[in-house]
Amino acid sequence: MIRSLPNTRPYTIGFKIYVGLFFSFLFLPLVVTCVLAFNDSPFPALPWKGFTLTWFTGDQPGRVGIFHDTVNLSAIWVSFKVAFWVSLLSTIVGTCGAFLFEQEQFRFKQALYFLMLAPLVVPGVILGISILLFANTLGVAVENTFNLDVPLFRPGFWLVVLGQFSFIATLVTLVVSARLKKFDRTLEEAALNLGANRLEVIWHITLKFLRPAIIGAGAVAFLMSFENFNTTLFLVGSEATLPITLYLQVRDGSTPVINAISFLLIVGTSLLALINLTFSRKKE
Amino acid sequence: MRSRRSLTFLLFITPVVLWLFLLIVLPHVDLLLMSFHTEDDSGAMVWSLVNYLNFFQEPVYWRTFMRTAIYAILVTMITFAVSLPVAFYITKVVSPRFSGFLSLLLLMPFWVSELVRVYGWMILLRESGVLNHFLMVSGLLQRPVEMLYNDVTMVMGLVYTSMLFMVVPLISVLESLDDSLIEAAYDLGGGIFSIVTRIIIPHAMPGIMSGGIVVFMLTLGNYLTPNLIGGKNSLWFTEQIYNQFIASFNWNQGAAFGFLLLVLSSSIIWLGLKLTRQKLSQVVQ
Amino acid sequence: MAIDLNVENVSKTFGDFTAVREVSFAVEKGRFFSILGPSGCGKTTLLRMIAGFIEPTVGRIMIRGKDMAGFPPNRRPVNLIFQHLALFPMMNVAQNIAFGLQRRRETRAEIDRKVDDILARVGLPGFGGKRIDQLSGGQKQRVAIARCLVLDPAVLLLDEPLGALDLKLREQMKVELKKLQAEVGTTFIYITHDQSEALVMSDHVAVMNGGRFEQVDTPRNLYARPQTPFVARFVGENNGWKGVVADRQDGLCTLRTDDDQLFSAATHDDLPPGTPVIFFIRPEAIIIAPDAGLENFNRMTAVIQSILFDGANSRMLAMPEAGATELMIALPQNRQYDHLKVGDRVAIGWSARSAVCFKDR
């Protein structure tokens, strides 16, 4: 049954096989994608025609690698910018949210807390369209009243940032709140007692304590933003993010360049995840 | 003291309220209002129920809607059935030395973009894909078979995409289950079936619910997987929304669809919480 | 002598519950003052009012003659040693101690000098660079004290800081704290539920119960002349009897107990005959095999029920032949009573002067 109880051989072996299959299922598509990024064939398919780096470094017509692919490179750059702003904004607002819900008492706190959780159960597509609609309504209203055309209200970079921020901030709030729950509030009292004012207490004591959680949440926010598709789909303007660009390419046929990008994404995110993990382990 | 406290309070509450009202509440109110409007013959916006009438009168709309709902529930249940043994194995069966490593391994694909994962399945399963290549080389198949673009593959893809959101809460909830409870049940003569149904599942209920909610919500709102590996007949409701917004440019109709999807997802989540007597705020912990 | 802390008629209510009622006391400069009481008696609330975390509902708290009403904790000249010390785990020892000085915007050089100074004074020279989790329990205590003393507070408040230590270390820290206080001369207000901590360290002890001060006195008086039944019972051990006053003369009275025995006892209250009373006699005031011919002496024979060996604190339980109330009697370990065993009949007795009695409410 469990490791401390006697188990029959078939039970143990059966379980091992099941878990083995599960992990193969989990990694098979990723492994295949990575391997085919190095196949010297114009299609991401077998048979194996030899190892090549051309899908990374190539600059011949028809065999342009990712490092010379201006469309995908600029999409990556856009995604980086979006992710930077989203993680910055959501870390700040999410930390405020954690303080608000953990440390302050006010009327309608329950209602506001419930509202803060809402983005967790609202499909991303709906967040996308509702923000699109609202921005459009505002844009039309501003244009009719002030005869001003505000670019912020049209699909584009900042609307994507706001759309992703709207649900990623919830995640940051929850992660930071979880850490803040473990905070011993007598430390704040001690600091007050030693002459610090409320802002100094938050800055020197509470934020120091929260730092690993805030950094971790920021990293997760960055990744989630970088990979977001559903919300972004409706808000994107002329500057497409990487998932949108990739989607259009995958839908209309594929080249091994997509595998090369996928390979870089897999390696990059795994590294980021590992750094994040070791960092939080060390702090624990 | 008083003014200082309220200063920090304002510092905290202002961004949160701005966020929640400008990006969550008002957009959804606008969505609702838009869905009850339509253009009349002169092109002006008027109040109307026509968007909702369209939904009920056009079979393809509400059939897609029902299909999406039923498949999403099915995917959630399959995901749970697949994930529970894995979570149990990692937390309770495998030796503790490996359990940390295995849960780390499990998280890795979670970090990778959904698009990359779906793409991986596409190059595996399509007619010219890797699986067909191996089946042909080994002589099991004479001519390649298209394994994409059908409901089974789509469901598999959806399960794959959302599996981790089920396994992670299950692992954390099973970690909190004291081994001695299982030992006691075993000692009192319980078999595997009774231990799973009477001890493990009741204890894991919060984790099951939170995993279930996330998986259900993500599946219902999924666009990539049904769009890329689902068949021509496996239209997903999000695709209908997309079509209204981007292809037909009928935002009012799209808003109505969006609102219907929102009602569907919230009511099924609400029902699930009611049936298992849980609260949303507990489940997200 | 200057008065460092003056608490005047302070009460605190939370809804219907009164945590502290009408407490007044004054502490002279340089004194070690303890507030002793069971948990839930309101002592922590009182301490937090002095520190400024709670405002009193009624009454005034003055520190060095200045009314503290409306002063937040960070602007009061008092510092608090928390029950679990509340050392900042994200800072090292020196940073912990420097925290309060930095809030006062003192110069870098001044801060470094003061930190080194106070570390030497609490016996931890060179510990500045250590992390908090590298310290032992006793060292943490000293860092917590140093962190407060470096700010030179008018009053240092201590909220049962020894509670978390093991017995041996606690005994040692008691002595150290008392020495340290004498050395630095800062006024200490110490709250505890442990009577030994209060009696050993303090110049004065206030016994608190149900939100009130029952008695404020020196440790010796508290033990020898308790003024309320609660103090008699709470401070040290006591045998208690209920009865009525049968007769009284010359500061002594004759008492008839509920189990129908007659005793004489000292009385300082005005207790006319017929008053129901409760009276106490300490285990060590009961003499085993007393000499004949002692004046104003209560004598009886008792049967030993059990012997509780506990080193220097050994006692026996004995039932008077004529009564129904078991007595706890100190059993000095000077080998004189080694022959006593359960079931033996022994003569016991006590001087009327060593019993105290109160009107029974």
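General remarks:
- Ranked packing of A:206-217, C:5-16, most packed first, by mean Cβ within 10 Å: A:206-217, C:5-16
- Shielding by partners - mean other protein chain Cβ count within 10 Å, residues of C:72-78: 5
- Long hydrophobic helices in chain B: the complete DSSP H runs spanning 15 Å or more by Cα along their own axis with mean Kyte-Doolittle hydropathy of at least 0.0 are B:2-19, B:59-88, B:96-111, B:114-125, B:151-175, B:201-220, B:251-275.
- Helix-only [θ]222 nm of chain A, DSSP H runs n ≥ 4, -39500 (n - 2.57) each, per residue, nearest 500: -24000 deg cm²/dmol
- When only Cα pairs below 8 angstrom with a gap of at least 6 residues are kept, the range B:76-165 shows a relative contact order of 30 percent.
- Shape category assigned to the range B:115-265 from the gyration tensor of Cα positions, a/c cut at 1.5: oblate
- Per-residue average of Cβ from other chains inside 10 Å of A:98-106: 4
- Near A:Thr255, no amide H atom lies under 5 Å from its own; only residues 5 or more places off or on other chains count, and H is placed 1.01 Å from N.
- Chain C: relative contact order as a whole-number percent, Cα under 8 Å and 6+ apart: 15
- Spatial separation of Cα centroids for the range C:49-125 and the range B:134-204, in angstrom: 56
- Across the range A:35-153, the fraction of Cα-Cα pairs farther apart than 22 Å, rounded to a whole number, is 66%.
- Electrostatic dipole magnitude of the range C:92-190 [Cβ: Lys, Arg +1; Asp, Glu -1; Cα centre; debye, to 20]: 140
- Protection-proxy order for peptides B:244-251, C:35-42, each taking the mean of Cβ atoms within 10 Å per residue, highest first: C:35-42, B:244-251
- Ranking of A:Thr173, A:Thr269, A:Thr12, A:Thr52 by neighbouring Cβ atoms within 10 Å, starting from the fewest: A:Thr12, A:Thr52, A:Thr269, A:Thr173.
- Across the options A:Val161, A:Thr232, A:Val201, the greatest Cα extent toward the positive end of the charge dipole of the range A:70-253 (unit charges at beta carbon of Lys, Arg, Asp, Glu) belongs to A:Val201.
- Cα radius of gyration and Dmax for the range A:1-85 (Å): 21.4, 64
- Set of lysines with alpha-carbon distance to C:Lys242 below 28 Å, sequence-local pairs under 8 removed: C:Lys359
- Ranked B:Ile70, C:Ile54, criterion: other C-beta atoms within 10 Å, fewest first: B:Ile70, C:Ile54
- Residue-count net charge about C:Ser354 - beta-carbon cut-off 10 Å; Lys, Arg +1, Asp, Glu -1: +1
- Convex hull volume per residue in cubic angstrom - Cα atoms of the range C:3-233: 125
- Among A:Thr186, A:Gln103, A:Gly253 the positive-end extreme of the charge dipole of the range A:70-253 (Cβ point charges): A:Thr186
- Relative contact order for the range C:146-295, counting Cα pairs under 8 Å that sit 6 or more residues apart, in percent: 14
- Dipole magnitude of chain C about its Cα centre (Cβ charges: Lys, Arg +1; Asp, Glu -1), debye to nearest 20: 1440
- Pairs beyond 24 Å (Cα-Cα), from C:Lys12/C:Lys179; A:Lys208/C:Lys130; C:Lys114/C:Lys178; C:Lys43/C:Lys66: C:Lys12/C:Lys179
- For chain A, the calculated P(r) over all alpha carbon pairs, in 10 Å bins from 0 to the bin holding the longest distance, is 6, 20, 24, 23, 17, 8, 2, 0 percent.
- Between C:Leu294, C:Met328, C:Leu308, the Cα set farthest toward the positive side of the dipole of the range C:237-359 (charges on each charged residue's Cβ, about the Cα centre) is that of C:Leu308.
- Dipole moment magnitude, nearest 20 debye, the range A:70-253 about Cα centre, only Lys, Arg, Asp, Glu C-beta charged: 380
- Distance histogram in 20 Å bins (all Cα pairs of the protein assembly as shown, percent per bin): 11, 30, 28, 19, 9, 2, 0
- Peptide ranges A:87-93, A:75-81, A:108-114 listed from the most packed, as the mean C-beta count within 10 angstrom indicates: A:87-93, A:75-81, A:108-114
- Values of log10 I(q)/I(0), in the order q = 0.14, 0.19, 0.20 Å⁻¹, for the range C:237-359 under a Debye, Cα-only, solvent-free model: -0.58, -1.01, -1.09
- Per-residue mean of foreign Cβ neighbours for B:195-207 is 0 (Cβ atoms of other chains, 10 Å radius).
Values in this text are rule-based calculations from the coordinates and carry no lab data. A quick note: this is a predicted structure, and the numbers were derived from the prediction, not measured. Using ideal geometry, Cβ is built from the backbone for each residue, glycine included, and neighbour counts are taken over all protein chains shown.
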